[in-house]
Amino acid sequence: MIRQFELVERVQSYDPDADEEMLNRAYVYGLKKHGNQLRASGDPYFSHPVEVAGILAEMKLDAASIVTGLLHDTIEDTDATREEIAGLFGENVARLVDGVTKLSRLEVQSESTKEAENLRKLVLAMSSDIRVLLVKLADRLHNMRTLHHIKDPARRRRIALETMDLYAPLASRIGMEKVKRELEELAFSELNPDGRASVLARQDYLRERGERLVPQIEVELVKTLKEGGLAAQVSGREKTPYSIWRKMQNKNVSFEQLADIMAFRVIVTDVTQCYQALGLLHGRYQVIPGRFKDYISVPKPNGYRSLHTGVIGPLGQRIEIQIRTEEMQDQAERGVAAHWIYKQGGPSTDAPQYAWLRSLIEILDKAPNAEEFLEHTKLEMFHDQVFCFTPKGKLIALPRGATPIDFAYAVHSQVGDTCVGSKINGRMLPLRTQLSNGDQVEIITSKAQTPSPTWERFVVTGKAKAAIRRFIRTRQREQYLQLGKSLLDKTFHEEGYEVTEKGLDGVRANFKQATTDDLIAAVGAGLITSREVVTAVYPGLKQPQRKDGGADVVPISRARNKAAADAAKAKKDAAGGQIAIRGLIPGMAVHFARCCHPLPGDRIVGIITTGKGVTIHTIDCATLESFSEAPERWIDVGWDSVSEGEPGIYTGRLKVTVANQPGSLSKLSTVIARHEGNISNLRIVNRSMDFFDMVIDVEVNDVKHLANITAALRATPAINAVERARN
Ligand code: MN
């Protein structure tokens with residue numbers, strides 16, 4: 001227990017004009033009033049008010065506050081009255097003691113944050129003199145320091161919760177960071193001893209492993225500032241277990257991922273030097289954007305002033321740096337208490353210099369988001385950008401809303417193209433995650449990966465968008481080239497020729513294509529038919545007779561080779577150039593309807609069309625409905641048995657939906673070829689982000705053949721839907 005003369009000496013050390021006589025009288029009065037009362041620890045009760053007075057002396061408060069500390073429990077716990085205290089120590093002290101007594105009668109019943117917030121406001125409102133709150137905080141601090149003496153665990157827990165929910169935030173609001181930190185740590189060790197122990201153990205382990213990083217970084221920072229001509233005090237500290245725990249919980253990150261476990265304080269002599277120090281540190285180390293806060297030009301509502309920044313420190317660690325003057329440091333630790341001005345007669349909050357103090361409670365009460373407001377209006381300098389880091393600490397600036405894919409492309413297009421996943425601050429997160437300021441982003445790549453068209457939906461940078469589109473175009477072109485080559489090969493072979501570069505080069509201008517590859521790709525894309533190309537290269541070739549009534553499809557493969565083609569031709573010639581349909585008048589022109597593409601095996605019907613002869617439809621073709629009023633035009637027809645099974649003469653039309661992904665087009669053509677079908681034409685009718693809708697004309701023997709191909713295509717993973725095209 002602090003002895004009477006010790007307490008007086010402590011107060012006089014910072015306030016030589018303190019009322020020594022009143023301090024002595026208060027000490028004796030309290031000692032006498034509390035008499036033989038004991039605390040839970042077994043100590044005399046009066047040791048508590050004396051310790052509280054000691055804490056208030058540490059805060060360098062005025063004599064009235066110290067006296068209030070000594071007397072704060074007398075009205076509540078002894079026969080002392082407000083009147084008696086007013087008579088002995090004056091109305092001022094009586095009012096303060098009464099205020100503390102009323103505060104002590106409040107009990108936090110609820111653990112809900114909302115109610116705690118209301119209670120904080122109530123406490124502030126009741127603390128019409130800020131010293132009431134300061135004495136109450138000192139009271140709570142000492143009670144927390146001695147909490148372990150209370151035997152009832154439920155009571156210990158209630159007090160610790162109240163401290164965490166009510167008093168620590170209040171201390172923080174009036175800028176008393178030191179008191180806040182201690183209250184939090186004490187409450188934390190009561191509420192979650194295991195959690196605290198695990199953080200401490202982890203800190204110990206990292207400290208050993210880190211070979212005392214803090215002193216090394218301190219030395220480096222001092223050196224950097226000295227080289228810039230600035231003498232500064234630098235002190236490093238680790239964050240408290242509770243603040244680490246809370247961050248781990250709020251951000252749901254592990255200990256190792258938690259940045260700024262180390263914080264450094266740079267103390268200089270004046271404000272100009274604060275900015276000089278900032279310039280030197282920013283000039284030397286990589287800044288972590290979003291961390292810089294200028295609380296000197298815009299102080300916090302509780303009066304806190306300092307420069308805050310985050311950098312990648314001298315040893316490659318992310319560290320937090322606070323730059324301030326000695327005076328600001330004092331303010332930061334002691335909050336409102338630092339503003340006490342000691343004058344003869346004691347401080348009065350009615351004096352003009354305390355106007356700020358009177359308005360403080362009002363500010364805190366009515367504008368709890370004042371700080372947030374200021375930060376967002378004045379300090380958010382780059383609000384449309386986010387700044388992130390590579391694992392090596394390289395800064396990547398991106399527009400707000402950017403994703404790891406944007407980040408990857410900003411690093412290098414190769415990184416973007418092969419990106420498969422992302423770790424943000426050590427956690428695996430989806431590629432569509434929006435990045436925040438200061439995020440450290442690690443891109444996981446795989447050589448097997450290629451850009452996905454779906455990425456285009458959520459990337460925000462032009463670079464990423466262009467790269468994804470470029471890749472998709474390139475890949476598409478590769479597929480068209482492949483398809484175009486195989487279509488040309490087949491058609492040329494049918495006519496007994498080989499496709500040559502020279503041959504294609506000679507005719508590409510006819511098709512307005514800049515290169516032979518462009519020509520091949522155009523064939524693959526279905527813009528030019530391979531038949532048109534072969535007849536351009538060999539103009540002597542006769543355009544084969546169309547058997548589909550002048551449809552846009554030109555059959556290119558009648559047989560597997562020239563000999564077979566000749567045989568088929570001969571057969572056809574023998575049939576008088578007619579297609580084998582039963583029930584038709586010889587010599588009558590026949591067309592296959594473009595709407596339903598009838599195949600041998602399909603049930604068919606003929607419709608007499610003015611000037612065109614007979615058009616063959618499948619019996620289920622929807623077009624037939626328009627002829628229902630003209631039964632005289634219907635002709636009953638069927639397939640000639642000779643024509644059935646004749647290889648590769650008929651064209652079946654399929655509607656296919658293919659996934660818009662690399663390789664799917666070549667899979668499609670492979671499957672069709674494997675089932676002896678020939679693609680004679682391919683047209684993409686709809687191209688969405690995810691799918692191609694295509695119409696493919698396949699040369700088949702009959703409807704069974706087409707059904708086989710359809711089944712095989714349906715079994716192919718990249719192909720989503722296959723159906724015979726109708727209309
Ligand atoms: Mn007390």
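The values are calculated or read from the model by the stated rules, or taken from the named source; none is laboratory data. Treat the numbers as computed from the prediction; the structure is a model and nothing was measured. Quick reminder, even Gly has a Cβ in these numbers, built from the backbone with ideal geometry, and neighbours come from all protein chains shown.
Among the residues of the stretch 27-52, just one is within 54 Å of the chain's Cα centre (by Cα), within 11 Å of the ligand (Cβ to nearest atom) and not in a helix (DSSP H, G or I), namely 39. Within the stretch 650-667, if we keep just the residues that are closer than 23 Å to residue 533 by Cα, buried (at least 17 other Cβ atoms within 10 Å of the Cβ) and not aromatic (Phe, Trp, Tyr), the residue that is modelled with the lowest pLDDT turns out to be 665. Does the stretch 15-36 contain at least one residue that is under 16 Å from residue 138 (Cα atoms) and either acidic (Asp, Glu) or touching a Leu at 6+ places or on another chain (Cβ under 9 Å) (or both)? No, the conditions are met nowhere in the stretch 15-36.
Which condition does residue 332 not pass, out of (1) part of a helix (DSSP H, G or I); (2) modelled with pLDDT of 80 or more; (3) within 17 Å of residue 234 (Cβ to Cβ), if it passes all the others? It fails just one condition, (2). Just to be sure, is residue 68 over 54 Å from the mean Cα position of the chain (by Cα), within 14 Å of the ligand (Cβ to nearest atom), of a type in the set (Ser, Thr, Tyr) and buried (at least 20 other Cβ atoms within 10 Å of the Cβ)? When the stated conditions are applied, residue 68 does not pass them.
In the condition set (1) free of Cβ contacts under 8 Å to residues at least 40 places away in the same chain; (2) within 16 Å of the ligand (Cβ to nearest atom), residue 193 is compliant with all but (2). Of the numbered criteria (1) among the aliphatic types (A, V, I, L, M); (2) surrounded by 23 or more Cβ atoms within 10 Å (Cβ to Cβ); (3) not assigned by TED's automatic domain parsing to the domain that holds residue 53, the one residue 179 fails is (3).
Among the residues examined, residue 201 does not qualify as in a helix (DSSP H, G or I), modelled with pLDDT of 90 or more, within 34 Å of the chain's Cα centre (by Cα) and aliphatic (A, V, I, L, M).
Quick check on this structure: which one of 77, 73 is under 16 Å from residue 136 (Cα atoms), within 13 Å of the ligand (Cβ to nearest atom) and buried (at least 21 other Cβ atoms within 10 Å of the Cβ)? Just a single option satisfies the conditions, and that option is 73.
Look at residue 290 and say whether it is in contact (Cβ under 8 Å) with a residue 12 or more places away in the chain and closer than 23 Å to residue 213 by Cβ. It is false that residue 290 is in contact (Cβ under 8 Å) with a residue 12 or more places away in the chain and closer than 23 Å to residue 213 by Cβ. Within the stretch 10-26, the set of residues being under 59 Å from the mean Cα position of the chain (by Cα) and either surrounded by fewer than 18 Cβ atoms within 10 Å (Cβ to Cβ) or not assigned by TED's automatic domain parsing to the domain that holds residue 69 (or both) comprises 12, 13, 14, 16, 17. Among the residues of the stretch 478-495, is there at least one that is closer than 30 Å to residue 404 by Cα and assigned to a helix (DSSP H, G or I)? Yes - at least one qualifying residue is present in the stretch 478-495. When residues in the stretch 404-435 are screened for being out of contact with any Cys (no Cβ under 8 Å at 6 or more places or on another chain), assigned to a helix (DSSP H, G or I) and aliphatic (A, V, I, L, M), 3 of them pass. Look at residue 158 and say whether it is away from the ligand (no atom under 14 Å from the Cβ), in a helix (DSSP H, G or I), touching a residue at least 24 places away in the same chain (Cβ under 8 Å) and surrounded by fewer than 23 Cβ atoms within 10 Å (Cβ to Cβ). Yes; evaluated as a whole, the condition is true for this residue. If you go through the stretch 53-76 and keep only what is of a type in the set (A, V, I, L, M), closer than 21 Å to residue 102 by Cβ and not in a helix (DSSP H, G or I), you end up with just 61.
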